[in-house]
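The structure under discussion appears below in the form of structure tokens.
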Amino acid sequence: MKYSSVKKAVFINRPNRFVAHVMLDGREEIVHVKNTGRCKEILKAGATVFLEKSANKGRKTGYSLISSYKGDVLINIDSQVPNAVIFDAIKEKKLKELNNVDVLRREVTYGNSRFDIYFESPPDKGFIEVKGVTLEKNGVAMFPDAPTERGTKHIYEMIKAVEDGYKGYVIFVIQMKGIDYFTPNEAMDKDFAEALRTAEQKGVTILAYDCHVTEDEIALGDRVDVAL
């Protein structure tokens, strides 16, 4: 996915989960943060960040914060991007686990949940739930960075779909490079970790991929080992 009108800035602080203060072109600017997660280990005072200029002239904030350096690693924090990355990768036959898909739709309701992607790959039909990952510690990517009852609910709905005969995938899109492996963040959300392990036992496919990230682009990278 390509961004347009990207500018470099310096992070100052984040008074709430929706906005941040940055130094842009020598002046302080309030910008929208495209991620409601904590991102505390990423968004630190003095960090180099990248902003996308909003095309909506009526919006209160003129820019959205889309990525930040953590050390020498650039991390995309745009929570809307992972779904598009996977959708585009399947459409362009760049996801080897799903390279023969005839039908592809986004945001499809099943049971009490709305899954990110629905696909048909004859003779199979199935659902994909995509989770963006920005939390990294010592080369290990983890999800979630905050408790997620909604995420846990989606996992159990995916299990139900598989029991009903559909294929089910949970794909963790790690929005950076330099990752050794992915694991659920059990210390943060034990219920989610347990749900994920149950899902694998019930036949849900759990995948993790890293991403190539630049200041104005993010694209699917390589498959990463999953440790449940």
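Name every residue in the stretch 40-75 that is surrounded by 20 or more Cβ atoms within 10 Å (Cβ to Cβ) and either of a type in the set (D, E) or in contact with a Gly (Cβ under 6 Å, 6 or more places away or on another chain) (or both), in order of residue number.
E52
Could you check how many residues of the stretch 34-87 are under 30 Å from R105 (Cβ atoms), touching a residue at least 40 places away in the same chain (Cβ under 8 Å) and not hydrophobic (A, V, I, L, M, F, W, C)?
Summing the residues that are under 30 Å from R105 (Cβ atoms), touching a residue at least 40 places away in the same chain (Cβ under 8 Å) and not hydrophobic (A, V, I, L, M, F, W, C) in the stretch 34-87 gives 12.
Test N100 against the stated conditions and say whether it is surrounded by 13 or more Cβ atoms within 10 Å (Cβ to Cβ), touching a strand residue (DSSP E or B) at 6+ places or on another chain (Cβ under 9 Å), touching a residue at least 12 places away in the same chain (Cβ under 8 Å) and not aliphatic (A, V, I, L, M). Even if it seems obvious, please write down each step before you answer.
Numbers: surrounded by 13 or more Cβ atoms within 10 Å (Cβ to Cβ): no; touching a strand residue (DSSP E or B) at 6+ places or on another chain (Cβ under 9 Å): yes; touching a residue at least 12 places away in the same chain (Cβ under 8 Å): yes; not aliphatic (A, V, I, L, M): yes.
Criteria not met by N100.
A quick yes/no check of all residues on (1) at pLDDT below 95; (2) in the same structural domain as T134 (by TED's automatic domain parsing); (3) of a type in the set (S, T, Y):
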{"position": "T36", "(1), (2), (3)": "yes, no, yes"}
{"position": "L51", "(1), (2), (3)": "no, no, no"}
{"position": "A55", "(1), (2), (3)": "yes, no, no"}
{"position": "G58", "(1), (2), (3)": "yes, no, no"}
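Would you mind telling me which numbered condition in (1) closer than 19 Å to I179 by Cβ; (2) surrounded by fewer than 14 Cβ atoms within 10 Å (Cβ to Cβ) G37 fails?
Against the list (1) closer than 19 Å to I179 by Cβ; (2) surrounded by fewer than 14 Cβ atoms within 10 Å (Cβ to Cβ), G37 comes up short only on (2).
Go through the stretch 168-184 residue by residue and tally those that are hydrophobic (A, V, I, L, M, F, W, C) and closer than 23 Å to G126 by Cα. Write out each step before concluding.
Residues of the stretch 168-184 hydrophobic (A, V, I, L, M, F, W, C): 170-174, 176, 179, 182.
Applying the additional criterion that residues be closer than 23 Å to G126 by Cα yields 170-174.
Result for the stretch 168-184: 5.
I117 is checked against (1) in contact with a Pro (Cβ under 6 Å, 6 or more places away or on another chain); (2) crowded, with 22+ Cβ neighbours inside 10 Å; (3) free of Cβ contacts under 8 Å to residues at least 40 places away in the same chain and fails just one. What number does that condition carry?
Failed condition: (1).
If we keep just the residues of the stretch 120-134 that are out of contact with any Cys (no Cβ under 8 Å at 6 or more places or on another chain) and crowded, with 19+ Cβ neighbours inside 10 Å, which is farthest from Y69 (Cα to Cα)? Lay out the reasoning, then the answer.
Taking the stretch 120-134 first, the residues out of contact with any Cys (no Cβ under 8 Å at 6 or more places or on another chain) are 120-133.
From the residues that got through so far, the ones that are crowded, with 19+ Cβ neighbours inside 10 Å too are 126-133.
On the way: G126: 36, F127: 33, I128: 29, E129: 27, V130: 23, K131: 21, G132: 17, V133: 15 Å.
Checked the stretch 120-134; the qualifying residue farthest from Y69 (Cα to Cα) is G126.
Looking at the stretch 26-40, which of its residues are assigned to a loop (DSSP other than H, G, I, E, B) and in contact with a strand residue (DSSP E or B) (Cβ under 7 Å, 6 or more places away or on another chain)? Break it down into steps so the answer makes sense when it comes.
Within the stretch 26-40, the subset assigned to a loop (DSSP other than H, G, I, E, B) is 26, 34-40.
The answer is K34, and nothing else.
The values are calculated or read from the model by the stated rules, or taken from the named source; none is laboratory data. No experiment lies behind these values; they were computed from the predicted model shown. We place every Cβ from the backbone using ideal geometry, glycine too, and count neighbours over all the protein chains shown.
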